[in-house]
Every structure is written in structure tokens, then in C-alpha cells.
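Take a look at the structure below.
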Amino acid sequence: MGTWSGEPFGNDTAADFAWELDGQKRWSVVRGALRTALRSKDPLDMDTACVAIAAAEVVAHGLGRPTQSDVYTESVEEFVCRARRPSGRLVTAAERAVAAASAPGSELADGWMDDHEQEWRAANARLLVALRGE
């Protein structure tokens, strides 16, 4: 997986997920990504965790509280303009998915144990604050 930052859309897997939003008008793609992460009985694999965090960022955008706004989130912004505001249940699922994706033992969390771990953890913390509206 190519990675260029610790932000939610700072890797190839998350960027690919953003393209899945093209033409969508409902939250079903985002909901599906969050469900996949939350239904996993094992620690999350790297791709599932990357997509879960990206999906949570889409929810934050839907709430008007994005933590990343750049060229990598343009399709997210376009999706949010077409979709309604996310439900409270979707926001809760997003919070839980970020926690699962960044939990010790997840492949993604283990993969960040290097120079950029603090950047990644700080980005996840900002995302959780945005989702909670704090």
C-alpha cells in the first residue's frame, strides 16, 4: 500500500475508496465499509482498516466537520453535496470503526509503528473529535 500521509485519505486504498463514491447519492457504500470493519471478529486487516477510516472521514465531511480537505477529498465533497446528512447511527458506526481500525493488533496500527505513527494517531484523534462534535 502506498502511503504519503497519516491523514484518512493519505494512502492508495483510501484514495481508491473515494472513487467508489462517484455518482452515489446515498450512504450505502460508506455504511457497507463501516459494517465490514465492525463485523470483523479478528483484528482488522490493513485494507479494511484504511477503508473504515476513510469512510469515517466521509461521515465527518457529511457533518460539515472534515479533518482533511484537499485534492484527495474532492470526490468526497461531491458525494456529500448529493447525499443527505448522515444519520446518528452512521456517525456512531464511524466512531466505532475508527476505534477498531486504530486498535492495537490491527494490521494498520502495527504498520504505523515508525516515524509517522504520531502523525497517524493525531489524525485519528482529530477525526474522532470531528465525529463527536467536540
Next on the checklist: Out of the helices (runs of 4 or more DSSP H) lying entirely within the range 33-134, which hold 1 or more residues that are at pLDDT below 95 and buried (at least 23 other Cβ atoms within 10 Å of the Cβ)?
Outcome noted: 46-62, 88-101, 107-111, 117-132
Checklist entry - Which is more than 11 Å from the chain's Cα centre (by Cα), farther than 23 Å from Gly133 by Cβ and not small (Gly, Ala, Ser), of Leu38, Leu63, Leu108, Leu90? => result Leu108
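Among the residues of the range 102-117, is there at least one that is within 17 Å of Glu20 (Cβ to Cβ) and touching a Leu at 6+ places or on another chain (Cβ under 7 Å)?
no
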Next on the checklist: Tell me whether the range 18-41 contains one or more residues that are touching a strand residue (DSSP E or B) at 6+ places or on another chain (Cβ under 9 Å) and hydrophobic (A, V, I, L, M, F, W, C).
Outcome noted: no
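The values are calculated or read from the model by the stated rules, or taken from the named source; none is laboratory data. Given the structure is predicted, the values throughout are model-derived calculations rather than measurements. For neighbour counting, all protein chains shown are included, and Cβ atoms are generated from backbone atoms with ideal geometry for every residue, glycine included.
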